[in-house]
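Trainee: Take this structure, written in structure tokens, and hold onto it; I'll ask about it next.
The values are calculated or read from the model by the stated rules, or taken from the named source; none is laboratory data. Fair warning: this is a prediction, and the values are worked out from it, not measured in the lab. Reconstructed Cβ throughout: ideal geometry from the backbone, glycine too, with neighbour counts over all protein chains shown. Heads up: the accessible areas ignore ligands, DNA and RNA and are worked out on the full protein's heavy atoms, side chains in. Shrake-Rupley method; radii C 1.70, N 1.55, O 1.52, S 1.80 Å.
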Amino acid sequence: QVQLVESGGGLVQPGGSLRLSCSGTTLTLGRYAIGWFRQAPGKEREGISCTSNTDTGTYYDDSVKGRFTVSRDNAENTVYLQMNSLKVEDTAVYYCATPRDWFQCGSGWNRRGLYDYWGQGTQVTVSS
């Protein structure tokens, strides 16, 4: 049972941009917080962003702050991750995730255990 689907990954040169999409299949994403995570080869999956379903702002990891921006299009049941000024170290598989129960992004937002539903991931490769 697929709940979330990511798309938009690909190959880009350093300094370039990509926009990832996270779409709900059986979930109405406007009702939930959405976390974005990434996992590079040989590394743990790390949280990079959390956005609530209320107007309370969005949390970003320091590694992407000022370069990545999350937005919602509830009419399309989609959450976007706009990635600008990409660096080689941004290379990873990117995932979106949502909890079974509602929560508002706050302290500890990047704990993987908070999220119950995950997409299949989309590969982002930043290389010259």
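Trainee: At 7 Å along Cα-to-Cβ for each site, give me the label-to-label distance between Arg67 and Glu89 in nm.
Mentor: 0.8 nm
Trainee: First compute the accessible area of the chain with a 1.4 Å probe, then give the percent of it belonging to carbon and sulfur atoms. Walk me through the numbers on the way to the answer.
Mentor: Numbers: 2820 of 6500 Å².
Carbon and sulfur atoms account for 43 percent of the accessible area of the chain.
Trainee: Of Ala40, Ala97, Ala75, which has the largest mean-square fluctuation in a 10 Å C-alpha GNM of the chain?
Mentor: So, out of Ala40, Ala97, Ala75, the one fluctuating most is Ala75.
Trainee: Leaving ligands and nucleic acids out of the surface, order Trp36, Trp109, Trp118 by accessible area at 1.4 Å, largest first.
Mentor: Largest accessible area first, the residues go Trp118, Trp109, Trp36.
Trainee: Could you work out, for the chain, what percent of all Cα-Cα pairs fall into each 10 Å distance bin, beginning at 0 Å and stopping at the bin that holds the largest distance?
Mentor: 14, 50, 31, 5, 0
Trainee: All other residues with a Cβ under 9 Å from the Cβ of Val126 taken together, and with Lys, Arg as +1 and Asp, Glu as -1, what is their net charge?
Mentor: Overall, the nearby charge balance is -1.
Trainee: Then there is this: Would you tally the net charge around Trp102, using a Cβ to Cβ cut-off of less than 12 Å, leaving Trp102 out, and scoring K and R as +1, D and E as -1? Mind showing how you got there, number by number?
Mentor: Details: positive: Arg31, Arg100; negative: Asp101, Asp116.
Computed value for this residue: 0.
Trainee: Which length gain, in nm to one decimal place, applies between Gln120 and Glu76 when the Cα-Cα distance is subtracted from 0.36 nm times their residue separation?
Mentor: Using 0.36 nm per residue and subtracting the Cα-Cα distance, I get 13.9 nm.
Trainee: Is there a quick way to get the dipole size of the chain? I mean about its Cα centre, with the Cβ of Lys and Arg at +1 and of Asp and Glu at -1; what is the value in debye to the nearest 20?
Mentor: 100 debye
Trainee: Net charge near Met83, counting Lys/Arg +1 and Asp/Glu -1 over other residues with Cβ under 9 Å of its Cβ?
Mentor: Taking every other residue near Met83 into account, the sum is +1.
Trainee: Using a 1.4 Å probe, what is the accessible area per residue for the chain, in Å²?
Mentor: 51 Å²
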